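Colleague: Before I ask anything, here is the structure I am working with.
The values are calculated or read from the model by the stated rules, or taken from the named source; none is laboratory data. Keep in mind it's a predicted model, so treat the numbers as computed, not measured. Cβ sites come from the backbone with ideal geometry, for glycine too, and all protein chains shown count toward neighbours.
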Amino acid sequence: MTTQAASIRHPVAAFYLYYIALYAPVAITISFFPLWIRAQGLDDRQTGLVMALGAALAVLVNPAVGAIADQYRSRKAILLALVGGSVLSAGLLFSAEGFVGVLLVFLATKAFSASLIPLSESMALAGVPRYGLDFGRLRSAGSMSVVAVSVALGWLVDRAGTEVIAIAFLVTYLGQGILALMLPNDDIAVRHTVKGPLLQVLQVPGFSLFLASAAVSQACHGFFYSYSALYWKSVGFSASTIGYLWALGVLAEITAFTCGSLLAARISPPALIALACAAGVLRWSLTGLAQTPGVAMLAQLLQGATLGFTQLGAAQYVRTRVPAQVLSSGTGLYAACTGLLTAACVFAGSFLFASVGGRAFLLTAAMCAVGLAAALVLRAREARLMDVAGAG
């Protein structure tokens, strides 16, 4: 084996291990963290407000971190600082009391952790041509981590109570910090300052339609993360059953991510996002009716389309349409828009869920219908531009 080949394989292995650690705390946040919040004495509306304000904070943090990364050009250094802050703030969970205490600690954690995924994705997308990374398979490693953590944590919560959720949260961030140290340095020599990175991204043709489709589809999952465990618990599902349902959904998305390179080669990013939104209309409608495990299982199987296709389409769109020098700003803006939409619908859901229960998921079904329309317009727009270019 040549030295060059060895130098390429090591970064690839480091990325795969890191992505497993990256999505471990995500699994806790989206599956069982609302139960921990409720265990601190907060009601449904207060729980929804905490989650919504956390998503809203990401709107401010993500574009700023993305722009800084493009200016500073050392994503790994910024990533390590964010993981360190996440560890310290997660440690404060053990002293959080009451609504104000839980809110402040959760916001502190989100301030550091909100940008971890978009910043990590910008590093991974930059590594696609550099190291030969397959983004879909890399992302599937993160999904496998979600499966393992969801099942294991569901088992632990049933036996040890909700206190174990905070412990798992801290441990997973510590593991992420250790594996982040193994990532390759991605420092790039700065020849000139990148001017207006956020404005450059917004000027990409069709980027607003991309946000109106992909970010909407992604935001619907944020709503699901906030209320699914509470909803399933209210209709009598055990914590173990909830963990298995999460695992089923993530297994479906793993299948989609594993086939990601084949899909991306045959289907344009706008078409993939349109398929995701169409599946979202069906999935969220079913989820609102999922008072039996059978219907819930069917809804969860659609996660391969709703989440897998959304993230594959978004990653391919950003990688191929956004200029390389503002890649972190592109992922940051996408994450910020997703956070804004998530915060809005989670906040609305804090009132709807308390009033109508699972029927609140019809809100996300309607949002996906809007996202589908935007994705179809973007697909048609790009097709016309290709026809014009071909005729020229």
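Colleague: Which residues, counting only those in region 103-115, are surrounded by 21 or more Cβ atoms within 10 Å (Cβ to Cβ) and part of a helix (DSSP H, G or I)?
Modeller: 105, 106, 109, 110, 112, 113, listed by residue number.
Colleague: Test each condition in (1) in contact with a Leu (Cβ under 8 Å, 6 or more places away or on another chain); (2) within 28 Å of residue 381 (Cβ to Cβ); (3) touching a residue at least 12 places away in the same chain (Cβ under 8 Å); (4) surrounded by fewer than 24 Cβ atoms within 10 Å (Cβ to Cβ) for residue 248 and report the one that comes out false.
Modeller: Failed condition: (2).
One line per residue, one yes/no per condition, for (1) touching a Ser or Thr at 6+ places or on another chain (Cβ under 9 Å); (2) under 22 Å from residue 118 (Cβ atoms):
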{"residue": "295", "(1), (2)": "yes, no"}
{"residue": "318", "(1), (2)": "yes, yes"}
{"residue": "321", "(1), (2)": "no, yes"}
{"residue": "325", "(1), (2)": "no, yes"}
{"residue": "332", "(1), (2)": "yes, yes"}
{"residue": "344", "(1), (2)": "no, yes"}
{"residue": "358", "(1), (2)": "yes, no"}
{"residue": "364", "(1), (2)": "yes, yes"}
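Colleague: For region 345-375, how many residues meet the condition of being free of Cβ contacts under 8 Å to residues at least 40 places away in the same chain, within 25 Å of residue 274 (Cβ to Cβ) and crowded, with 18+ Cβ neighbours inside 10 Å?
Modeller: Going through region 345-375 one residue at a time, the tally reaches 0.
Colleague: So, residue 74, is that one within 22 Å of residue 177 (Cβ to Cβ) and either in contact with a helix residue (DSSP H, G or I) (Cβ under 9 Å, 6 or more places away or on another chain) or surrounded by 22 or more Cβ atoms within 10 Å (Cβ to Cβ) (or both) or not?
Modeller: For residue 74, the condition - within 22 Å of residue 177 (Cβ to Cβ) and either in contact with a helix residue (DSSP H, G or I) (Cβ under 9 Å, 6 or more places away or on another chain) or surrounded by 22 or more Cβ atoms within 10 Å (Cβ to Cβ) (or both) - is not met.
Colleague: Next question, about the same structure. Restricting to region 29-57, name every residue that is crowded, with 24+ Cβ neighbours inside 10 Å, touching a helix residue (DSSP H, G or I) at 6+ places or on another chain (Cβ under 6 Å) and within 23 Å of residue 141 (Cβ to Cβ).
Modeller: Across region 29-57, the qualifying residues are 31, 32.
Colleague: Moving to a separate point now. Can you give me the ranges of the helices (runs of 4 or more DSSP H) entirely in region 136-217 with at least 1 residues that are among the aliphatic types (A, V, I, L, M) and at pLDDT below 85?
Modeller: Result: 197-202.
Colleague: Which residues, taken from region 225-271, are within 16 Å of the chain's Cα centre (by Cα) and closer than 23 Å to residue 318 by Cβ?
Modeller: Of everything in region 225-271, those that are within 16 Å of the chain's Cα centre (by Cα) and closer than 23 Å to residue 318 by Cβ turn out to be 225, 250, 253, 254, 256, 257.
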